[in-house]
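Data first, discussion second: the structure below is written as structure tokens.
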Amino acid sequence: MTSASSHSLKEQDFHIPIAFAFDKNYLIAASACIYSLLESIAKANKKIRYTLYALVVGLDEEDKAKLHQITEPFKEFAALEVKDIEPFLDTIPNPFDEDFTKRFSKMVLVKYFLADLFPKYSKMVWSDVDVIFCNEFSADFLNIKEDDENYFYGVYDKIYPYEGFFYCNLTCQRKNQFCKKILEIILAQKIDKEPQLTEFCRSKIAPLKIEYCIFPHYYSLSEEHLRGVVNAIYHNTIKQALREPIVIQYDSHPYFQIKPWTYPFGLKADLWLNALAKTPFMSDWSYLITGDGEIGGEKWHYYHSIIAYHYYFPLWKTEEQIAHDAFKTFLNHYSLHIHEIPKNARRRLFKYCILIPLKSLISKTLKILGLHGIVKKILLKLLKKS
């Protein structure tokens, strides 16, 4: 793709609209997502204008005010518009089955109707909010031609495109009455999951580079394993993409990845926490994850069970790894904070947490090996001599 600077217009003449859709359940995630986007744009230091559209359901005035607080420091190049999308969603029947609706919601349909919702735009960016932006992307977006025949541009897995991030060619969609066709499919009850919609238009979804959809668990895989996971078109670029991702997508997986707002110790969760910490929603999340201030309450136990399962006792770790990691974690914290503890407390900590357990371990090991009696005799002889 050519860079934005190769266009005949100047940078300040360009405008990029970006849409997100979320409800109260994803408000905190959305705040970190939006901040990371604005921060990455600011670091690029380009003179391009952005309008962010938060298409929301169930947010109160305080929630909306906090979202506007996030964009305030970036008002020189970005504006935020918060729009209630519930009346529009009410006009569309829910085509999804119960399992899909529980995990996601009908709001995932919004991206297929942007051409109708935003008639003044020829193209638009769509993003889910369970992501973090790491780099600015204007050059790729501005390179899309209005006479292009693709509806969307997205990252592909082995066969299908991921639905979390799209460049949307609204001109092409209008020309082919795309929104009308999607609505007809929904009304005919021909789908019960979103991937069936992307399958309908897959021939008109052009591939984006993999930098737009990097999953955290990619960083734990070998190069050989990575090539087996990603689409063949990305085999030569995946290593570079891991070094300079544009979008980190927090997918859900029962073994190696859950959302960072639920489990803040996972791979690349630090990027999400760093963004959230700069928003007005950090205190809301802190209160939520500590059990709404109720130690020992239902939410407190819920979050602690997640941490215990995924951090201390994950299924993919052997018993030896769990024992090793627990001891390593203790030693790390001990060495970091030992100087802050009073001297007498330090002695007791060393005695009861290290010395006594160490003696017990040595004693049991010697008994198992049948050497306990021999070592005891040797020690007694040495004591007599001394």
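Computed values, structure above
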| read-out | value |
| --- | --- |
| Solvent accessible area, Å² - GLU224, 1.4 Å probe, full protein context | 150 Å² |
| Sequence of LYS43, LYS239 when ordered by accessible area, the most exposed leading, probe 1.4 angstrom | LYS43, LYS239 |
| Amide proton proximity set for LEU80, modelled H, under 5 Å, gap of 5+ | LEU52 |
| For region 54-174, alpha-carbon Rg relative to the globular expectation (2.2 N^0.38 Å, N residues) | 1.17 |
| Exposure rank, largest accessible area first [THR91, THR365, THR198; 1.4 Å] | THR91, THR365, THR198 |
| Relative contact order of region 40-81, defined on C-alpha pairs under 8 angstrom at six or more residues apart (%) | 60 percent |
| Amide hydrogen neighbours beyond the local backbone of ILE16, cut-off 5 Å, H modeled | ARG49, TYR50, THR51 |
| Point-charge dipole on Cβ atoms (K/R +1, D/E -1) for region 141-256, about Cα centre, debye to 20 | 240 debye |
| Projected-area mean, region 138-281, by convex hull of Cα positions, square nanometres | 11.0 nm² |
| ASP128 accessible area, 1.4 Å probe, all protein chains in place, Å² to nearest 10 | 40 Å² |
| Extended-chain gain in nm, criterion 0.36 nm per residue less alpha-carbon gap, LYS43 and LEU366 | 110.2 nm |
| Per residue accessible area of region 95-205, 1.4 Å probe, in Å² | 43 Å² |
| Protein accessible area in region 43-135, 1.4 Å probe - carbon and sulfur % | 48 percent |
| Relative contact order of region 99-238, defined on C-alpha pairs under 8 angstrom at six or more residues apart (%) | 28 percent |
| For region 204-213, 3J(HN,Hα) per residue [Karplus equation, 6.51 cos²θ - 1.76 cosθ + 1.60, θ = phi - 60°, Hz, x = Gly/Pro] | 10, 10, 7, x, 9, 5, 5, 4, 8, 7 |
| For ALA241, net neighbour charge (Lys/Arg +1, Asp/Glu -1) across residues whose Cβ lies under 12 Å away | +1 |
| Linear extension gain, LEU358 paired with LYS376, 0.36 nm per residue minus alpha-carbon span | 4.8 nm |
| Net charge over other residues, Cβ less than 13 angstrom from the Cβ of GLU211 (K, R count +1; D, E count -1) | 0 |
| Links that overshoot a 25 Å alpha carbon limit, given the list LYS193/LYS239; LYS123/LYS180; LYS75/LYS120; LYS145/LYS259 | LYS193/LYS239; LYS145/LYS259 |
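The values are calculated or read from the model by the stated rules, or taken from the named source; none is laboratory data. All values reported here derive from a predicted model rather than from experimental measurement. Glycine gets a Cβ as well: all are built from the backbone with ideal geometry, and neighbour counts include every protein chain shown. Note: accessible area is taken over every heavy atom of the protein model, side chains too, but ligands, DNA and RNA are not part of it. Shrake-Rupley method; radii C 1.70, N 1.55, O 1.52, S 1.80 Å.
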